[in-house]
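What follows is one structure encoded as structure tokens, with my remarks underneath.
Just so you know, all these numbers are worked out from the coordinates, no wet-lab data involved. The model shown is predicted, which means the values in this text are computed figures rather than measured ones. With ideal geometry, Cβ positions are generated from the backbone for all residues, glycine too; neighbour counts draw on all protein chains shown.
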């Protein structure tokens, strides 16, 4: 529902909020494509039609841009609809992340697949997801991404219980995942990031879990069940992650991504420096 960003999300999906000049969900699809994935299924819901429209062609707009000679903008508009083979299925009821993953079953079939949550931007040219796919290829097991957080933040996340230390590639075997543990009981400071690579057996695990609070099916519960039956690995996310479901991280993403752009970075950096001086912060 995007309640943290009301009233902006009253009539527009939170996935469509712009990060600089692209909606957040476009960064997600671009990340998947950079990691070599070309068949994309987007799980949507009511009031999410704008997501489908964004990745569709807009012939009238393209014709107008062509007539006005705005070829650079035209190329950017067309790029969104040419990224990948994109499909859609609706989650009819908001019954949790586990349920959202389960509705992809008919599309995925008996194949391994990746899950990317649109709240988490990972701006790294697909490096994390590529590393997770390599770990899957090497181990033949599901892979969950984790990021180091401050000790007092771990109770806000799913937390890794590692079997061993990460190797040089950032991969490690999991003993378990604990959902939002108290700080004193957390087995590590590694928090779940919204990136997963699953074997198809995750669907059977989702069928066997029971709803938790609010009647929602928790993906973490299914992962824990699957972990009793087959190995699961973790993969360290080292850089580039923004939780754009949080206002402060959303703002940080806009600023840092803009600073990295040649067309915006220098002028924005100069403005920020001047702003800090005016406010006595520099």
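Listing for the model above:
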quantity	calculated
Residue-averaged 222 nm ellipticity for the chain, from DSSP H runs of 4+ at -39500 (n - 2.57), nearest 500	-10500 deg cm²/dmol
Estimated translational D of the stretch 1-119 in µm²/s (Stokes, Kirkwood radius over Cα pairs; 25 °C; 0.890 mPa s)	156 µm²/s
Highest-MSF residue in the chain out of 254, 189, 228 [GNM, Cα springs under 10 Å]	228
The stretch 228-282 shape via C-alpha gyration tensor axes, a/c threshold 1.5	prolate
Global form of the stretch 3-256, assessed from the alpha-carbon gyration tensor, a/c cut-off 1.5	prolate
Fewest-first sequence of 48, 22, 68, 163 by Cβ atoms within 10 Å of each Cβ	68, 163, 22, 48
Separation between Cα centres of the stretch 211-242 and the stretch 1-54, rounded to whole Å	22 Å
Most fluctuating residue given options 194, 69, 212, as computed from a GNM of the chain linking Cα atoms under 10 Å	69
Förster-model FRET efficiency, 22 Å R0, residue 267 and residue 247, C-beta, rounded to 0.05	0.35
Burial ordering of 132, 16, 276, fewest other beta-carbon atoms within 10 Å first	276, 16, 132
Residue among 89, 197, 122 with the largest mean-square fluctuation in a Gaussian network model of the chain, springs linking Cα atoms under 10 Å	89
